[in-house]
1. Which members of the stretch 178-219 meet the condition of being small (Gly, Ala, Ser), touching a strand residue (DSSP E or B) at 6+ places or on another chain (Cβ under 7 Å) and in a loop (DSSP other than H, G, I, E, B)?
2. Pairs, please: C-beta under 7 Å, at least 6 apart or cross-chain, first residue under 19 Å from residue 223 (Cβ atoms) and in the stretch 275-288, second of a type in the set (Val, Ile, Thr) and assigned to a helix (DSSP H, G or I)?
3. Given the criteria in a loop (DSSP other than H, G, I, E, B) and touching a His at 6+ places or on another chain (Cβ under 6 Å), does residue 79 qualify?
4. Looking only at the stretch 220-247, count how many residues are part of a loop (DSSP other than H, G, I, E, B) and surrounded by 14 or more Cβ atoms within 10 Å (Cβ to Cβ).
5. Listed residues 61, 45, 53; which is surrounded by fewer than 22 Cβ atoms within 10 Å (Cβ to Cβ), of a type in the set (Val, Ile, Thr) and closer than 19 Å to residue 287 by Cβ?
6. Which of the residues belonging to the stretch 99-118 are touching a helix residue (DSSP H, G or I) at 6+ places or on another chain (Cβ under 8 Å) and either part of a loop (DSSP other than H, G, I, E, B) or closer than 20 Å to residue 132 by Cβ (or both)?
7. Checking the structure you have, find out if any residue of the stretch 8-19 is out of contact with any strand residue (DSSP E or B) (no Cβ under 9 Å at 6 or more places or on another chain) and either under 23 Å from residue 275 (Cβ atoms) or at pLDDT below 95 (or both).
Amino acid sequence: MNPKFVVFGEALTDFIFEGDGLWRAVPGGSCWNVARVSARLSLATAYAGAVSTDNFGDDLTRLAREAGLDMRFMQQVARPPLLAMVPSKTPPQYFFIGNDSADQHFDVDQLPQGWVDDLEIAHFGCISLVRQPLAAKLVQIAERIKAAGKRICFDPNYRNLMQDPAYRATLQRMSELADYIKVSDEDLEHLFPGETLAGALGVLRQWAPKAWVLLTRGGDGMTLITPQGEVSRGVYKVEVADTVGAGDASMGGWIASLLNNPDAPLETHLNYAAAAAATVCRQHGAYAPTMAEVEALINA
């Protein structure tokens with residue numbers, strides 16, 4: 001049996017500047033984070049991507065295995081690692097190192113036989129949809145999955161690489177394919193410069209009129225917008241260590257709730273998204289929360 005949820009995209013190592021010339025290496029990557037979160041929330045999940053065969057790739061592979069991911073989908077190739085340099089955490093600043101790195105050598109033909117048949121939702125997002133030739137390959141995979149009658153979720157998760165004018169067509173195409181879109185107010189500001197928040201959201205809704213959209217607003221809460229109506233809620237009040245990976249956790253929590261509890265009301269799905277994000281904010285780095293931690297917040 002293959003997993004219901006497959007996450008495509010980048011896994012990388014964040015090098016975070018801590019001051020005094022010190023950099024801290026932390027396994028991460030938006031798509032890899034989403035996969036780990038949903039797996040820890042009891043959803044049969046795979047991360048479909050390629051990492052290096054050095055210590056950086058080994059750490060990503062080990063943590064993926066520990067999260068309970070289906071390891072048949074994750075590939076290690078003898079190419080350099082993809083690195084994200086984070087010279088500032090507040091406000092977040094990134095640049096990336098890794099021309100012809102391992103992520104570019106992901107081979108969809110190596111995935112298990114029949115994986116599309118068992119799939120219910122596939123996730124795509126972040127810099128994997130900017131970095132060519134991987135980006136074009138992933139759009140083709142998404143189109144194939146959609147043509148097979150499966151669902152797509154998409155998190156653009158803005159990074160400065162998306163200032164490339166060529167990305168606009170990818171943003172629109174992935175939005176058109178998507179059944180579920182997570183986007184933050186900051187994402188919309190950068191992805192649709194010159195637009196108001198309402199105007200940017202309006203463009204997204206024109207591209208994807210039937211999609212469910214999870215709009216996150218940092219400490220101001222989140223709203224789940226669907227053709228059947230919308231619900232909003234504030235954040236769970238926790239002591240914040242940092243917000244690294246909180247958006248990825250809200251995505252993973254949302255999809256885990258959708259697939260684990262498909263008949264639940266919208267409020268339930270929103271609660272899982274918010275509680276997963278809040279649990280991550282209690283930790284340093286891109287933490288993958290357990291179901292017990294998330295439900296403890298919801299039921300408090």
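The values are calculated or read from the model by the stated rules, or taken from the named source; none is laboratory data. Computed from a predicted structure; not experimentally measured. Note that each Cβ is placed from the backbone with ideal geometry, even for glycine, and that neighbours are counted across all protein chains shown.
1. Within the stretch 178-219, 178, 208, 211 meet the criteria.
2. Going by the 7 Å Cβ cut-off, the qualifying pairs are 275/294; 275/298; 276/37; 276/294.
3. Against the criterion (in a loop (DSSP other than H, G, I, E, B) and touching a His at 6+ places or on another chain (Cβ under 6 Å)), residue 79 qualifies.
4. Here is the first cut: in the stretch 220-247, the residues part of a loop (DSSP other than H, G, I, E, B) are 221, 227-228, 234-245.
The next check asks that each one be surrounded by 14 or more Cβ atoms within 10 Å (Cβ to Cβ); those that pass are 221, 235-236, 238, 240, 242-245.
So the answer is 9.
5. The conditions single out 61.
6. Matches in the stretch 99-118: 102, 103, 104, 106, 108, 111, 112.
7. First, the residues of the stretch 8-19 that are out of contact with any strand residue (DSSP E or B) (no Cβ under 9 Å at 6 or more places or on another chain): 19.
Those left that are additionally either under 23 Å from residue 275 (Cβ atoms) or at pLDDT below 95 (or both): 19.
So far as the stretch 8-19 goes, yes, one or more of its residues are out of contact with any strand residue (DSSP E or B) (no Cβ under 9 Å at 6 or more places or on another chain) and either under 23 Å from residue 275 (Cβ atoms) or at pLDDT below 95 (or both).
Residues are listed down the side, and each one gets a yes or a no for (1) modelled with pLDDT of 95 or more; (2) surrounded by fewer than 21 Cβ atoms within 10 Å (Cβ to Cβ); (3) basic (Lys, Arg); (4) in contact with a Gly (Cβ under 7 Å, 6 or more places away or on another chain):
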| site | (1), (2), (3), (4) |
| --- | --- |
| 107 | yes, yes, no, no |
| 112 | yes, yes, no, no |
| 116 | yes, yes, no, no |
| 141 | yes, yes, no, no |
| 148 | yes, yes, no, no |
| 160 | no, yes, no, no |
| 181 | yes, no, no, no |
| 204 | yes, no, no, no |
